[in-house]
Amino acid sequence: MDQQRHNLKLLEAQSHNSMPETLFGSNWEAHAVKVYTHEVFFDFQEDVKFSVNACSVCGYTPPDPVTNFEVSIVKDANKRKRYAVEYNRRTMDVHCTCKLFERKGILCNHIIWICSGKFKEIPDKYIFRRWSKNALRNSVYDLNGNLLENYDLTGNSKFGMSRVWSEIYATVGMLKRKEESDMREFAKLIKEFREKLEPNLKPLTKK
């Protein structure tokens, strides 16, 4: 469990304190780099790449006045196939016959090609929380369902252990790009603060 929490905090620090490079000038790509973890963003960026280089519209059905559905036929040169992208203008629901979103929870290059021009950002309904940076901030439980630590997002003065570890990992991640003297200075500050706390520590009880 300690290793799991350690890995989560390390991933969180990486996601929140470094930013992958955007390559295609897409609004959706710029939004994705802010909301997705690095690993998921790189997968999404590949779909953006294919949407730019491999997709074109070869058919279009105007929106039906009853259902509000419009259908675009997207030719995918990468897969040498054609896919139907259905978009409901009233509900903003979108569906592609390739069904990548249903399988992986990431929008496909066909939907990106059709809808990135309709919305400035990826609609919230198509951003799975488990792929987002905020998913790393969930509470952590043991195998029996007992709360081990909680990430405090309220801004209150009572910090959770998760936030403390997050700050430590974030700082260490930044120090990797600095001089070794900065790392020594950080270690010195932590040691001084620990020594300040030690005289006031209460003895641990069995409870």
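Return yes or no: is Lys49 surrounded by 12 or more Cβ atoms within 10 Å (Cβ to Cβ), outside any helix (DSSP H, G or I), charged (D, E, K, R) and modelled with pLDDT of 85 or more? The answer is no for Lys49. Residue check: is Arg80 under 21 Å from the mean Cα position of the chain (by Cα) and without any contact (Cβ under 8 Å) to a residue 12 or more places away in the chain? No; evaluated as a whole, the condition is false for this residue.
For the range 105-114, give me each residue that is part of a helix (DSSP H, G or I) and either touching a residue at least 60 places away in the same chain (Cβ under 8 Å) or of a type in the set (A, V, I, L, M) (or both). Result: Asn109, Ile111, Ile112, Trp113, Ile114. With respect to Val66, determine if the residue is in the same structural domain as Phe42 (by TED's automatic domain parsing) and in a loop (DSSP other than H, G, I, E, B). It is true that Val66 is in the same structural domain as Phe42 (by TED's automatic domain parsing) and in a loop (DSSP other than H, G, I, E, B). Among the residues of the range 62-80, write down those that are more than 16 Å from Cys115 (Cβ to Cβ) and among the β-branched types (Val, Ile, Thr). Scanning the range 62-80 gives Val66, Thr67. If the condition is being more than 14 Å from Ser51 (Cα to Cα) and out of contact with any Lys or Arg (no Cβ under 8 Å at 6 or more places or on another chain), then the range 101-115 contributes Phe101, Glu102, Arg103, Lys104. Just one of the numbered conditions (1) buried (at least 17 other Cβ atoms within 10 Å of the Cβ); (2) more than 17 Å from Ser116 (Cβ to Cβ); (3) touching a Ser or Thr at 6+ places or on another chain (Cβ under 7 Å) is not true of Tyr83: (2).
The values are calculated or read from the model by the stated rules, or taken from the named source; none is laboratory data. Keep in mind that what you see is a predicted model, and the values were worked out from it rather than measured. Methodologically, a virtual Cβ is constructed for each residue, glycine included, from the backbone with ideal geometry; neighbour enumeration extends over all protein chains shown.
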